[in-house]
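Here the structure comes first, spelled out in structure tokens, and everything after it is commentary.
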Amino acid sequence: MIKIGLTGGIGSGKSTVSFILKEAGFEIVDADIIAKEVLVKYPEILEKVKVEFGAGFFDWRGEFRRKEFGNHIFRFPKQRKKYEEIILPYIKNEINDKLEELEKKKTSIVILDAPTLIENDLHKEMDYVILVWVDNNTQIQRVRSRDSLMREDAINRINSQMPLDIKKDFANIVIENNDTLAKTKEQVDLLIEFLRSI
Ligand code: ATP
């Protein structure tokens with residue numbers, strides 16, 4: 001099974017590209033979905049969060065206040081690291097289980113859509129790495145408008161990740177997503193042609 005890592009930065013357009021690839025029939029493993037699923041599947045994660053970060057991030061019904069918690073950990077990098085130490089092992093295990101499952105089903109190509117593929121060293125397990133790139137200003141604008149964030153919170157989230165220009169050094173293929181969606185689709189169509197040829 002050929003493993004393709006698809007990465008980018010927050011709001012760089014990974015999901016947009018991933019959607020086109022899915023429509024074209026490729027198997028996608030989405031790390032963002034897994035990050036949400038593990039919270040439901042392994043209640044001990046939120047138990048650990050409550051112990052480490054306090055009950056203030058849970059409402060009166062005990063529901064996790066995801067957005068407030070997100071803003072908190074992206075404002076304080078050490079706190080984010082603490083959260084990642086709790087959740088990452090679960091995410092990595094789940095990704096590996098999904099990849100094994102697909103391999104057993106004789107899937108020929110799988111795409112792992114993971115925003116922090118490189119930060120978490122998962123790129124080393126991939127045969128190819130695709131980066132969806134945008135310039136900094138476009139990224140800030142898209143994150144702000146999609147997530148209704150204040151400029152500062154958008155910038156905090158962007159700065160918490162490895163800069164896209166550095167990620168370029170790890171990528172075999174770069175999709176530039178500054179321009180219109182039609183321009184991006186043209187590049188993804190070429191990528192699909194390539195993937196079908198390997
Ligand atoms: P995240 O990892 O944060 O979920 P992402 O990399 O998956 O982000 P998308 O959700 O695909 O990014 O895109 C971010 C926002 O920018 C979305 O609202 C999307 O509709 C918009 N967008 C993506 N590509 C373009 C484009 N070429 N032109 C205009 N808007 C775009």
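Would you calculate, for the chain, the mean residue ellipticity at 222 nm contributed by helices, counting each DSSP H stretch of 4 or more residues as -39,500 (n - 2.57) and dividing by all residues, to the nearest 500? The partial results should precede the final answer.
Working: 9 runs with 111 residues, N = 198.
Helices in the chain give a 222 nm mean residue ellipticity of -17500 deg cm²/dmol.
Leaving out ligands, DNA and RNA, what percent of the accessible area of the chain is carbon and sulfur, probe 1.4 Å?
On the way: 5670 of 11130 Å².
The C+S portion of the solvent-accessible surface of the chain is 51 percent.
Filter LYS82/LYS167; LYS22/LYS48; LYS81/LYS104; LYS106/LYS185; LYS78/LYS124; LYS36/LYS105 down to the pairs with a C-alpha to C-alpha distance above 30 Å, please. Beyond 30 Å: LYS22/LYS48; LYS81/LYS104. Averaged per residue, the chain has 56 square angstrom of accessible surface, using a 1.4 angstrom probe with ligands and nucleic acids left out. For the range 33-90, the pair-distance distribution built from all alpha carbon pairs, in bins 10 Å wide starting at 0, is 22, 62, 15 percent. Per-residue SASA remark: THR138, around 20 Å² accessible (1.4 Å probe; ligands, DNA and RNA not included).
Rolled with a 1.4 Å probe across the full set of protein chains, the surface gives GLU44 an accessible area near 80 Å².
Could you tell me the relative contact order of the range 2-197? Use alpha-carbon pairs under 8 Å, at least six residues apart, and round to a whole percent.
Once normalised by length, the contact order is 40 percent.
Evaluating 6.51 cos²θ - 1.76 cosθ + 1.60 at θ = phi - 60° for every residue in the range 3-17, the Karplus couplings come out as 9, 10, x, 10, 9, x, x, 4, x, 7, x, 4, 5, 4, 5 Hz, glycine and proline recorded as x.
Quotient of the Cα radius of gyration of the range 1-159 and 2.2 N^0.38 Å, N being its number of residues: 1.10. Listed by chain and number, the aspartates and glutamates whose alpha-carbon sits under 13 Å from that of LYS98, ignoring those within fewer than 8 places in the same chain, are GLU27, ASP30, GLU37, ASP113.
The values are calculated or read from the model by the stated rules, or taken from the named source; none is laboratory data. All figures in this text were calculated on a predicted structure; none of them were measured in a lab. Side chains included, ligands, DNA and RNA excluded: accessible areas come from the protein's heavy atoms. Shrake-Rupley method; radii C 1.70, N 1.55, O 1.52, S 1.80 Å.
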